[in-house]
Amino acid sequence: MTVRHLLLTAALLGLSAALPAAEKPNIIYILADDVGYGDLSCYGATRVNTPNLDRLAAQGLRFTDGHAPSATCTPTRYATITGQYAWRKKGTAILPGDAALIFEPGSLTLPALMKQAGYTTGVVGKWHLGLGTAEQKVDWNTEIKPGPLEIGFDYSFLIPATGDRTPCVFVENHRVVGLDPADPISVRYGEKIGDEPTGRENPDLLKMKPSHGHDMTIVNGISRIGYMTGGKAARWVDEDIADTITRKATAFVEQNKEKPFFLYFPTHDIHVPRVPHPRFVGKTEMGARGDAIVQLDWCVGEVLATLERLKLTENTLIIFSSDNGPVVDDGYQDEAVAKLGNHSPSGPLRGGKYSNFEGGTRVPFIVRWPDRIKPGTSDALVCQIDLMASFAALTGQSLPTEVAPDSLNMLPALLGESKTGREYLVEHASQLSLRHGTWKYIPPGKGPKRQQNTGVESGKDEKGQLFDLSRDLGEKMNVLSEHPDKAAAMAAKLEEIQKSGRSRN
């Protein structure tokens, strides 16, 4: 029996013994930010070229029905790391930059699972999952914990929240990078702190103006959400963020090349503020958003080149995806709307970030493992929330019943050994929707049909909606009145999943 068949047998039978180190693939999970289904050339984009991601797709499996667990960032990240739908836990919505850690230190998370299997684990990039405790607000001038190291990561280099939120500093393991003790950092949300200029009061100091919100403390000529003072020597320069985190990610690979490693690399691109390095400016005709896509592709290319140089390509499993669908205007005047042209960030899908339509959670989803995966495309329904159960199967571990209640073992589908994916998937935006095969049910919901600030269709309808995606991928034809029994059955199933507290048997 080949190693490949042994792996699949372990996946299907749930063997508890971990695989020998020599047979464990390195795993890199690259999670882009706000990249839509139609934003990459391997998914049909024509106004921007993504050669590195195209190569990744050509050498691996390109999924056409791959999903983020939520249509927004924090819930997606929480669900992927815990294997639990974020809507089951309070406090997992989009977090402020000074939020407490939303995981229980010592719990069995995705990185803890990989560490248990003998992997060295690291996270480099955008975190946005909180730091510290609710009882003790983080003091950015001392040890910052609990954080990633307390939930299973051996190494962390973080953008603590998002690029548009304070504090605008990097945190490596438990410390702010480059902090001058004589210039301590203070952060506050809500009430202003200190006398630093803000975008609201000093628009003349801005090199990029906000379109909505984002008018508080100015850092690097860009006003943010939240206030901060101090830490001037430690503050990032937006143009250098991609270089900095990519360098840290490839260094982690280099330092751990002799043993199995798991790297979670959540990029900043293409989230706002979109301020690509000067060498990428003008690479597209779509302004900052298009140029940020090119920069993202470069980041992926640097990871691929590092693997090739170290001769790790064949036995490294790479998963690339996005934390939610696309948004064009998400708070800054960066000409993204004006220069969009005929580019469709969601491709053939309807909606985008924040939306109940498919464009909210159906995103690029690429898996490459040259030693195991035959290149091609797959229409299996898969979700990032399934990584925990799938990686448990891959490494021969059994998940306790109470852990990862919504993560399903999709390893055969992820490896291309099966065309069967999930039977049901709950999609999470302003409300919950349900996928059953190619059917999509959105319960009745009140509210505007289009968001005022972002222009994204919300997917809300007071009568409820049912779509047959096999015939209507763009969700234009509501067939609820023609199939009332199907809608009722899916509504009942959605309620059952909500009440049961789990969807994994």
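The values are calculated or read from the model by the stated rules, or taken from the named source; none is laboratory data. On a predicted model such as this, the values are computed, not experimentally measured, just so you know. Positions of Cβ are backbone-derived with ideal geometry, glycine not excepted, and every protein chain shown enters the neighbour counts. The protein model used for the area step is the full one, side chains on, heavy atoms only, and it has no ligands, DNA or RNA in it. Shrake-Rupley method; radii C 1.70, N 1.55, O 1.52, S 1.80 Å.
Positive end of the dipole of segment 316-390, charges at C-beta (+1 Lys, Arg; -1 Asp, Glu), about the Cα centre: which of I319, Y332, S355 has its Cα farthest in that direction?
Farthest towards the positive pole: I319.
Show the residues, 5+ positions off or on another chain, whose built amide H is closer than 5 Å to the amide H of L381.
Amide H neighbours of L381, under 5 Å, 5+ apart: G421, R422.
With a 1.4 Å probe and every protein chain kept in, tell me what percent of the accessible surface of the chain is carbon plus sulfur.
51 percent
How far apart, in nm, are two points set 7 Å out from the Cα along the Cα-to-Cβ line at K209 and at E462?
3.8 nm
For every helix of n ≥ 4 consecutive DSSP H residues, a contribution of -39,500 (n - 2.57) applies; sum these over the chain, divide by its total residues, and give [θ] at 222 nm rounded to the nearest 500 deg cm²/dmol.
Numbers: 9 runs with 103 residues, N = 505.
Taken over the chain, the calculation gives -6000 deg cm²/dmol.
Roughly how many debye, to the nearest 20, is the charge dipole of the chain about its Cα centre, given +1 on each Lys and Arg Cβ, -1 on each Asp and Glu Cβ, and no other charges?
That gives the chain a dipole magnitude of about 800 debye.
With 17 Å as the cut-off, how large is the P(r) tail for segment 256-330, expressed as percent of Cα-Cα pairs? Each step should come with its number before you reach the end.
Working: 1459 of 2775 pairs.
Of all Cα-Cα pairs in segment 256-330, 53 percent lie more than 17 Å apart.
For segment 381-431, which GluC sites (Glu not before Pro) are both in a DSSP coil and crowded by at most 14 other Cβ atoms within 10 Å? Mind showing how you got there, number by number?
Working: sites: E402, E417, E423, E427; in loops: E402, E417, E423.
Taking segment 381-431 and a limit of 14 other Cβ atoms within 10 Å, the loop GluC sites (Glu not before Pro) found are E402, E423.
Could you give each residue of segment 313-328 its phi-based ³J(HN,Hα) in whole Hz, using Karplus coefficients 6.51, -1.76, 1.60 with θ = phi - 60°, and x for Gly or Pro?
Couplings: 4, 4, 10, 10, 8, 10, 10, 10, 7, 10, 6, 5, x, x, 9, 8 Hz.
Count charges around L408 for me, please; just the other residues with Cβ under 12 Å from its Cβ, Lys/Arg as +1, Asp/Glu as -1.
Taking every other residue near L408 into account, the sum is 0.
Per residue, what accessible area does the chain have, given a 1.4 Å probe and all protein chains present, in Å²?
I get 37 Å² per residue for the chain.
For the chain, which span is the longest to avoid every loop-located (per DSSP) member of trypsin sites (Lys or Arg not before Pro) having at most 12 other Cβ atoms inside 10 Å?
Between the exposed loop sites, the longest stretch runs 91-206.
Please list, in order along segment 337-352, the HN-Hα scalar couplings obtained from phi with the Karplus expression 6.51 cos²θ - 1.76 cosθ + 1.60 (θ = phi - 60°), rounded to whole Hz, x for Gly and Pro.
6, 5, 9, 5, x, 8, 6, 10, x, 8, x, x, 8, 9, x, x
Which order do you get for E172, E285, E495 if you rank them by accessible area with a 1.4 Å probe, largest at the top?
Ranking E172, E285, E495 by accessible area, largest first, yields E285, E495, E172.
Dipole magnitude of segment 213-271 about its Cα centre, charges +1 at Lys/Arg Cβ and -1 at Asp/Glu Cβ only, in debye to the nearest 20?
About 240 debye.
If you line up the Cα atoms of the chain on their principal axes, what length do they span on each, largest first, in Å?
So the three principal-axis extents are 62, 56, 46 Å.
Filter the chymotrypsin sites (Phe, Trp or Tyr not before Pro) in segment 425-505 down to the DSSP loop ones having no more than 16 other Cβ atoms within 10 Å, then list what survives.
Answer by residue number: there is no such site.
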